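Below is one structure, written out as structure tokens; the observations come after it.
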Amino acid sequence: MSLHFLDVVVIGIYFAVIAGIGYYATRGTKTSEQYFVAGRNIPMWAVSFTIMATIISTGTFVGHPGTAYQKGLILLVPHLLVPFVLLAVAKVVVPFYRRVVRMSAYEYIGQRFGIGGRFYTSFGFLADRIFDLGVTHVTTALAINVLTGWDLKTVILAVGVFTIIYTMAGGMEAVVWTDVVQGIVLMVGGVFVLGRLLFAPEAGAPFAVVAETWRMGKLTLGSWDFSLASFTNPTLTTTWLFCLAYAVQWTRRYATDQHIVQRYLVAESDDAASRAAFWSAMLCVPVFVTFMFAGACLAGFFALAQVPPPAVADSAMPYFLAHFMPTGLLGLVVAAILAAAMSTVSADLSSVGTVLTVDYFQHFYPKASDRARLLCGRIMIAAAGALTVVAAWLLLPEKDSAPLMERVIMIASILSGGTLGLFCLGFLTRSATRQGCYIGVACCAVFTAWAILTEPRHRVLDLGINFPLNPILIGVCGHAVLFGTGWLASRIFGGDRPADVERLTYYGLKQVKSASASPTAS
């Protein structure tokens, strides 16, 4: 299928605007701090948009509708947990980070547990981001392939290279302001898609697709079974399990991942950063609801319109867009898909470049000039971008494979390597020591390897004592194992703690808040 000339014009205008913003952000001489955290002067509303655009990727535009089309609204309730997670993060974690770190979230782990803990958490973040960006490229390519017929690998390469160029050139300032435009395009595109479905003449009367979707059982929220069997059944992931896995995933992402923490650091004040974190969740929720509901309604639409559905569930939304969106609006929707992809890719590449520069390059070359750090950041962005393209090629789905987003949550939780458990170990306890941290990390690694090899769905080894739970819980349990064993080892064996350990915990933050609230505080 080829795009109409008007659609091509709309897409061209989108690319021109993004390129213009990227070029504008390159003005003047930049220091490494301006490049990585935009001089810490971004207004609250723009920070809200850049966090939202970082979270909302083509997984939301393509993957979530694909899951809803095949299995109903099983991911809706877990995504509605975002505001509750962000409320806690905005009140506690955001001001804490702005007090103790300059550019990287893993500076905190380094202060609390030494360089080993810093390298462990930062490496886990890098692996998780490369994988997640691979997923973003895949969902983008699936959509563009259906809409245009272009080769999947070629689409991945083209989108990757364009995003790398403007991210390398403009740094965090380019990322933030392009995210604002891309977030608006994404939300507008989603409204048009939902409207086209609800008032589709091919399906009969307005809202007929909703009634048909309900009749087909696609508007259900999944299984609410809460029993021991629901935790051990490897073939059925209940809503409770999804809620648990996603709650941990959201908390880890908003509390420990550099690509989100870096957004807190670019805000012009602590209060602005906290409010931006919360309002980003308020922006995300309607977007999640729109695309999941639209994905479920695709089942009703295909049934009423008597249209043969695509073989791969993740292609359901792109297939609908390609064949049923009117000229002009299709170009806007394609631009929205590209916006979802590029906003996520640019934000994540910037954070990966920051981590590789601040946590690794500066550690091994502490006397390097600011110019050298700036050059390193740009080179690392290019290298990371190339790795994400390769990861995407390896993740391309096959016929009858499970929905992409269902596979993603399990893999992402495993790649996190207990990072949230390690953060909580340092942040919530004064007694945790460096030795306890390392023992906890080792126990988490052993546990994760054992669980992956013995989990019931794809068991590689039968050791007699095997992982008995649904595989989606491997990552969740990993965080608990690291925290529990790390705390216990610290209590038993003792070890090194920083002299200012109080400042690096939640208790120190409470003291700061109490002092600032005191009428006698200067």
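Nothing in this text is a laboratory measurement; each read-out follows from the coordinates by a stated rule. Note that the coordinates shown come from a computational prediction; the quantities given were computed from them, not determined experimentally. Note that we place each Cβ from the backbone using ideal geometry, even for glycine, and neighbour counts take in every protein chain shown.
Structure summary
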| item | result |
| --- | --- |
| Charge-dipole axis of the chain as Lys and Arg at +1 and Asp and Glu at -1 on Cβ define it, positive-most pick from C297, Y120, W150 | Y120 |
| Calculated FRET value between W150 and Y506, using beta carbons and R₀ = 51 Å, to 0.05 | 0.50 |
| Farthest positive-ward along the chain dipole, Cα basis, beta-carbon charges - from A46, F467, M342 | A46 |
| Approximate spin-label separation A127-A169, in nm, with each point projected 7 Å along Cα-to-Cβ | 3.6 nm |
| Lys, Arg +1 and Asp, Glu -1 on Cβ, resulting dipole of the stretch 417-512 about Cα centre, debye, nearest 20 | 180 debye |
| Local net charge near G117, Cβ-Cβ under 12 Å (Lys/Arg +1, Asp/Glu -1) | 0 |
| Net charge, N466 excluded, C-beta distance under 15 Å - Lys, Arg +1, Asp, Glu -1 | 0 |
| Relative contact order (%) - the chain, alpha-carbon pairs under 8 angstrom, separation at least six | 28 percent |
| Within the stretch 445-485: backbone nitrogen closer than 13 Å to the I492 label point (7 Å, Cα to C-beta) | 484-485 |
| Zone residues, the stretch 145-186, relative to A19, backbone N less than 13 Å from point 7 Å out along Cα-to-Cβ | 162-163, 165-166 |
| Lysine pairs within the chain, Cα separation less than 29 Å, 8 or more sequence positions apart or different chains | 8 |
| Simple label model, 7 Å out from Cα along Cβ direction - A368 to E202, nm | 5.3 nm |
| Label point distance in nm, L6-T232, each placed 7 Å from Cα along Cα→Cβ | 6.1 nm |
| Calculated [θ] (222 nm, deg cm²/dmol) that DSSP helices of n ≥ 4 give over the chain, each run adding -39,500 (n - 2.57) | -23000 deg cm²/dmol |
| Cα-centred dipole magnitude for the chain, charges only on beta-carbon of K, R (+1) and D, E (-1), debye, nearest 20 | 1200 debye |
| Span-like helix ranges in the chain, DSSP H, alpha carbon extent 18 angstrom or more, Kyte mean at least -1.0 | 5-24, 115-148, 152-198, 239-256, 270-305, 329-355, 370-395, 434-454, 474-493 |
| Estimated FRET transfer efficiency when R0 is 30 angstrom, pair D225-R430 (beta carbons, to 0.05) | 0.15 |
| The stretch 417-512 - Rg (one decimal) and Dmax (whole number), Cα, Å | 15.6, 52 |
| Neighbourhood net charge (11 Å Cβ-Cβ; Lys/Arg +1, Asp/Glu -1) for S57 | -2 |
| Cα gyration tensor, the stretch 281-380 - rounded (a/c under 1.5), prolate or oblate | prolate |
| Relative contact order [Cα under 8 Å, 6+ residues apart], the stretch 417-512, whole percent | 45 percent |
| Value of Rg to Rh for the chain (Rh from inverse mean 1/r over Cα pairs, i.e. Kirkwood) | 0.97 |
